[in-house]
Amino acid sequence: MRLKVTVPATSANLGPGFDSLGMALAHYDVYEVEVVSSGLEIQISGEGANSAAKDETNLIYRSMKLVFDSVGKKLPGIRLTCHNSIPHGRGMGSSGAAVAGGVMLAAGLLDNKFSEKQLLEFATKMEGHPDNVAPALFGGLTIAWVDELGPHHKKLTVHRGISPLVLVAPNEMSTKLARSLQPETVPHTDAVFNVSRSALLVAALTQSPELMMAATEDRLHQNYRASAMPETSKLIAALREKGHAAVVSGAGPSVLVLEDDPQKRLSAIEFVKKGFPTWIALALAVDFKGASLEGQPGSGN
């Protein structure tokens, strides 16, 4: 019994949409699970091959176990093989992909009997917030929110004129550290500013890409985190001065550029090659499918 899940990278926040907006990108991790008689074996290639956990603390395994525990069943012995392309600690949703992948693999072993809402609940419980796991699970642009009934999401179709570019930082950044720099309160004017820009960003991403520069302005989180990633802030400022809609990707330190023209994306890549040669440019498409499961469901007992 084998299952394979392909999970996209994601970029959360997208500038002003702090903890609310996320987008799936066509850059993937692939996880395969095989049910064995007993025990746990984990093999990892690519990103995190020498650093990711290969025991029961592994995030994919923990996510699978959470799903099995939720229905009162014991996770069987498994052999887990991970082919990782999503950079770790760079703001491209590597942990969200691991959680979404683990949830999908567990659901497959349990005959796929869960709704989208339940899958999101499992993933959010493990990840802590839904803005990364929602696009990882469902693809596209997602708006995520939480109320007394738990996490929810709305998937939107991104305008075909959007050309995403991820500039992968040469160093890692701790999400925990990034969040620790966030103040408990912000000025009322800044809150209003971000409400307007978040609403505008949804319009820009789905209908009016020409509004992207104004739509990606932010006063809620990026400036507070700038001291922890000075090169990121320097690159974003330089790109925006040249007319490129650059923002911090997730918690950073990578940069997401949301261009409204493929030629502008090429221009941004050339600019970065000359001025920031240690950064890796990934010209990516938007992923519209989300996590994709292959194999015959069942055998989860």
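Return the residues of region 235-252 that are within 22 Å of Lys176 (Cα to Cα) and either of a type in the set (Lys, Arg) or modelled with pLDDT under 95 (or both); say none if nothing qualifies.
Gly250, Ala251, Gly252
Before we move on, is Asn194 in contact with an Asp or Glu (Cβ under 7 Å, 6 or more places away or on another chain) and either touching a residue at least 60 places away in the same chain (Cβ under 8 Å) or among the basic types (Lys, Arg) (or both)?
yes
Quick check on my filter: what residues within region 141-184 are in a loop (DSSP other than H, G, I, E, B), more than 21 Å from Thr216 (Cα to Cα) and open to solvent by 40 Å² or more (accessible area, probe 1.4 Å)?
Glu148, Leu149, Pro170, Asn171, Glu172, Ser174, Glu184
Which condition breaks for Ala53 when tested against (1) farther than 15 Å from Leu80 by Cβ; (2) assigned to a loop (DSSP other than H, G, I, E, B); (3) open to solvent by 30 Å² or more (accessible area, probe 1.4 Å)?
(1)
Would region 6-16 turn up any residue that is open to solvent by 10 Å² or more (accessible area, probe 1.4 Å) and farther than 16 Å from Asp131 by Cα?
Looking for residues that are open to solvent by 10 Å² or more (accessible area, probe 1.4 Å) and farther than 16 Å from Asp131 by Cα, one finds at least one in region 6-16, hence yes.
Looking at region 77-94 only, could you name the residues that are open to solvent by less than 20 Å² (accessible area, probe 1.4 Å), assigned to a loop (DSSP other than H, G, I, E, B) and out of contact with any helix residue (DSSP H, G or I) (no Cβ under 6 Å at 6 or more places or on another chain)?
Pro87, Gly91, Met92
For the subset of region 33-50 comprising residues that are more than 20 Å from the chain's Cα centre (by Cα) and among the acidic types (Asp, Glu), which member is least open to solvent (accessible area, probe 1.4 Å)?
Ranking the qualifying residues of region 33-50, first place goes to Glu34.
Applying the selection to region 203-230, what residues are surrounded by fewer than 21 Cβ atoms within 10 Å (Cβ to Cβ) and either modelled with pLDDT of 95 or more or touching a Lys or Arg at 6+ places or on another chain (Cβ under 7 Å) (or both)?
Ala203, Thr206, Gln207, Ser208, Glu210, Leu211, Met213, Ala214, Glu217, listed by residue number.
Of all residues in region 220-244, which are touching a residue at least 40 places away in the same chain (Cβ under 8 Å) and either among the hydrophobic types (A, V, I, L, M, F, W, C) or in a loop (DSSP other than H, G, I, E, B) (or both)?
The answer is Leu220, His221, Ala228, Met229, Leu235.
The values are calculated or read from the model by the stated rules, or taken from the named source; none is laboratory data. Predicted, not measured: the structure shown is a model, and the values here were computed from it. Reconstructed Cβ throughout: ideal geometry from the backbone, glycine too, with neighbour counts over all protein chains shown. Please note that ligands, DNA and RNA were not included when accessible areas were found on the heavy atoms of the full protein model with its side chains. Shrake-Rupley method; radii C 1.70, N 1.55, O 1.52, S 1.80 Å.
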